[in-house]
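What follows is a set of notes on a single structure, which appears directly below.
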Amino acid sequence: MACLVNSSAFAFSGISPLHSRSDSVSRRSNFPYRTPTTVSIKNMPSKQDALRFPPLCQHGGTTRQGRRKTLSPIKSMQDHEALPEGLKPELMPKHVAIILDGNRRWAKEKGLSMELGHLSGGRVIKNIAFLCNKWGVKVLSIFAFSTENWTRPKEEVDFLMGLFEEVGQTYMDEVTRYNVKISAIGDKSKLPEPLQELVATAEETTRGNTGLHLLVALNYSGRYDIMQATKSIAGKVKDGIFQVEDINEILFEKELKTGCAKFPNPDLLIRTSGEQRISNFYLWQLAYTEIFFSKKKFPDFNEEDFIEALSSFQKRERRYGGNK
Amino acid sequence: MENKIESYGSSLVSHMRRLLFRVLSVGPIPNHIAFILDGNRRYAKKRNLGEGMGHRVGFLTLTSLMKYCYELGVKYVTVYAFSIDNFKRRPEEVQDLMDLMLEKIEGLLKEESIVNQFGVRVYFIGNLRLLNAPVREAAEKVMKATANNNKSILLICVAYTSTDEITHAAQEAIEEKRGEIPESSEASMAQNGEISQEKHEGHRTIKLADIERHIYMGVAPDPDILVRTSGETRLSNFLLWQSSTCLLYSPKALWPEIGLRHLVWAVLNFQRVHPYLEKRRKQV
């Protein structure tokens, strides 16, 4: 029974269970972790397969594509495909932010390891990024690692750092192919060296890309962001770039880490797993953001749920404190 | 006779409510609840009341809810009465709201008001310079008059937005630090002429505590629950800095329709997540 469950977890995460127990001596990263049924994202069956996106829904049948197909090059991402029924293109949010909560609880419910929970969550991010790119969302923010997550058990933190490296290396080609721009926001100086280098390379390589802008919050928190903006402004005041009296909200907003994005403030925030709080993710940036709480744990969050979040967003009346 | 029945009825209701609160108090009670009073205008439209009546009914709801909170043992209650963004509304509506606020603020000073009943200290939080003089003066009068109360605290956010609050706090913190720098840089010049080094050290020393010292809401701890009525699930620039770990609750009821059951539901949800959040808070 456990085998079946594990196999299905692998199938969902697009990794063949046959490629287990293999080592990765030649890996560039120092990802030391071995799960009991070893997972290796790098051991994808073939490069061709790696370029395909897996079925967006666990049960494979309900996607618009129906079955796997090889995607043609980048041009298709620029012409946004028709949206699912019920969604209006003019009401699509420009910036969607996601708090990916519930990986560990999902794994526990299914009797899987915490690592598989996070891996499954990783696949969902990829699917959502794909959908965002397809449907004309310009910026996608994901709360990958909070400043408060350092207090988690060391094995989990090490696993996550390794996972970020692994994912970064594996999907660099695809990211380039789909014209995605990557920015990592957060206090990168506390991350392991190899990850810092990888992040810097990824940002450099994708700097000129014009597709979806993916903001990955690594060692980030809303309060950290506000503090660093304050310090940056203080420095500029000292250097005489502007005066204290010039400090206003517009200036402050530019100094936040999200200032690197064309649409810095999320229109829609999605938090999964039923918890109803912000958990120190974006604070300033959420001033007028519509929040959608989904009861599903993140690895279960599929295309249908994302469409539900988007339609809920489109139905909302945004008044910004003024008149109707 | 009817009066007797009425008073018997209401005293029974209040006894039952106290009993309910005693049961709830077996678990942790939130220390601070914040409310976004949304839906007054829609309520007025729904009930075919006149323009501005929605806000008046909303005020009555506010006093009931405050009473429930203080009875339950919640020490801090914060309400989002008027946002800086609300100045964008039609001038007649803004004027009505200002007049209503003036009337109600002056009402707080009366003997029989809820403020005296529960020993409430009142703070007006926000960029008060944006208010007209009568309202501002009345607000300052109330703050002064209730300064000695300490049983419960009421924070009324007027002419407030969180981004304005944070910007203001940052400005003050930077101004304060700037005042400290010249002495240290002079001293270092005397020693080794490395002024720029000291300058950098100076602005790197702005800490979290500096911001928190200057933030308007610094007089209260962070809220445990943030309730926004009328089913809208957004913060609308309210308590962004402070609500990083608080429970967000957005009942569909419009503000004047909110009642005891919503408060009880919010508290029960708070009690559910409280142990986990406490553990996290201790770790951090």
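Take each residue of peptide A:216-226, count the partner chain Cβ atoms within 10 Å of its Cβ, and average: the result is 2. Taken residue by residue and averaged, Cβ atoms of other chains lying within 10 Å of the Cβ of B:235-245 number 6. Computed with a 1.4 Å probe over protein heavy atoms only, the accessible surface of the range A:96-225 comes to 34 Å² per residue. In this rough spin-label picture, where each label sits 7 Å from Cα along the Cβ direction, the B:Val219-A:Leu91 distance is 4.2 nm. Work out the P(r) tail for the range A:273-324: percent of alpha carbon pairs separated by more than 16 Å, whole number. Roughly 54 percent, once rounded to a whole number.
Along chain B, the exposed loop sites are GluC sites (Glu not before Pro) outside DSSP states H, G, I, E and B with at most 16 other Cβ atoms within 10 Å, and the longest stretch free of them is B:195-284.
Here the range B:13-159 is treated with +1 on each Lys and Arg Cβ and -1 on each Asp and Glu Cβ, and its dipole about the Cα centre works out to around 460 debye. Go ahead and run the numbers for FRET between A:Glu304 and B:Tyr276, Cβ-Cβ distance against an R0 of 22 Å, rounding to 0.05. The formula returns an efficiency of 0.15 here.
Note on A:Gln314 and A:Ile241: their simple-model spin labels are 4.1 nm apart, each label 7 Å out from Cα toward Cβ. Its alpha carbons considered, the range A:153-215 gives a radius of gyration followed by a Dmax of 12.1, 38 Å. Rounded to the nearest 100, the interface formed by chains A and B buries 4400 square angstrom of accessible surface, both chains summed, with a 1.4 Å probe.
Note on the range B:109-179: the alpha carbon radius of gyration divided by the globular reference 2.2 N^0.38 Å gives 1.32.
Shape class for the range B:225-284: oblate, because the ratio a/c of the largest to smallest gyration tensor axis (alpha-carbon atoms, square roots of eigenvalues) is 1.5 or more and b/c is at least a/b. For the range B:51-171, the Kirkwood hydrodynamic radius from C-alpha pairs, put into Stokes-Einstein at 10 °C and a viscosity of 1.306 mPa s, yields a diffusion coefficient of 106 µm² per second. Compactness of the range A:185-244 was expressed as the Cα radius of gyration divided by 2.2 N^0.38 Å, which yields 1.40.
For the range B:39-92, the equivalent ellipsoid built from the Cα gyration tensor has semi-axes of 25, 16, 7 Å, listed from largest to smallest. Nearest 10 degrees is fine. How inclined is helix B:133-145 to the longest principal axis of chain B, computing both from alpha carbons? Roughly 90 degrees, rounded to the nearest 10. Treating r as the C-beta distance of B:Glu112 and B:Leu268 and R0 as 45 Å, the FRET efficiency rounds to 0.90. Please give the FRET efficiency for A:Glu203 paired with B:Ala133, using the beta carbon to beta carbon distance and R0 = 35 Å, rounded to the nearest 0.05. The formula returns an efficiency of 0.10 here. The length gained by stretching the chain between A:Thr210 and A:Asp187 to full extension, at 0.36 nm per residue less their Cα-Cα distance, is 5.8 nm. Working note: Cα atoms of the range A:150-305, range along each principal axis, descending, whole Å: 49, 36, 35. Per residue, the solvent-accessible area of chain B (1.4 Å probe, heavy atoms of protein chains only, all protein chains present) comes to 50 Å². Name the residues of the range B:118-165 whose accessible area falls by at least 20 Å² when all protein chains are present instead of the chain alone, probe 1.4 Å? Listed in order, they are B:Thr163. Among residues other than A:Val139 with Cβ under 14 Å from its Cβ, the summed charge is +4 (Lys and Arg +1, Asp and Glu -1). Subtracting the Cα-Cα distance of B:Val23 and B:Thr63 from 0.36 nm times their residue separation leaves 12.1 nm of extension gain. The residue among B:Ile153, B:Leu72, B:Val94 whose Cα reaches farthest toward the positive pole of the charge dipole of chain B, with charges on the beta-carbon of Lys, Arg, Asp and Glu, is B:Leu72. Divided by 2.2 N^0.38 Å, where N counts the residues, the Cα radius of gyration of the range A:81-240 comes to 1.14. Taking the inverse of the mean reciprocal distance over all distinct Cα pairs, the Kirkwood hydrodynamic radius of chain B comes to 21.1 Å. Seen against the Cα atoms of chain B and their longest principal axis, helix B:53-72 is set at about 80 degrees. Per-residue Karplus couplings for the range A:82-91, computed as 6.51 cos²θ - 1.76 cosθ + 1.60 with θ equal to phi - 60°, are listed in order as 4, 6, x, 4, x, 9, 9, x, 6, 9 Hz, Gly and Pro entered as x.
Computed from the C-alpha gyration tensor, the three semi-axes of the ellipsoid equivalent to the range A:111-157 are 26, 15, 5 Å, from longest to shortest.
Once the Cα atoms are used to define both axes, helix B:2-24 deviates from the longest principal axis of chain B by about 40 degrees.
The helix-only estimate of mean residue ellipticity at 222 nm for chain B, built from DSSP H runs of length n ≥ 4 each weighted as -39500 (n - 2.57), is -18500 deg cm²/dmol after division by the residue total.
The values are calculated or read from the model by the stated rules, or taken from the named source; none is laboratory data. Just so we're clear, the structure is a prediction, and the values are computed from it rather than from any experiment. For neighbour counting, all protein chains shown are included, and Cβ atoms are generated from backbone atoms with ideal geometry for every residue, glycine included. In case anyone asks, the SASA skips ligands and DNA or RNA and just uses the protein heavy atoms, side chains included. Shrake-Rupley method; radii C 1.70, N 1.55, O 1.52, S 1.80 Å.
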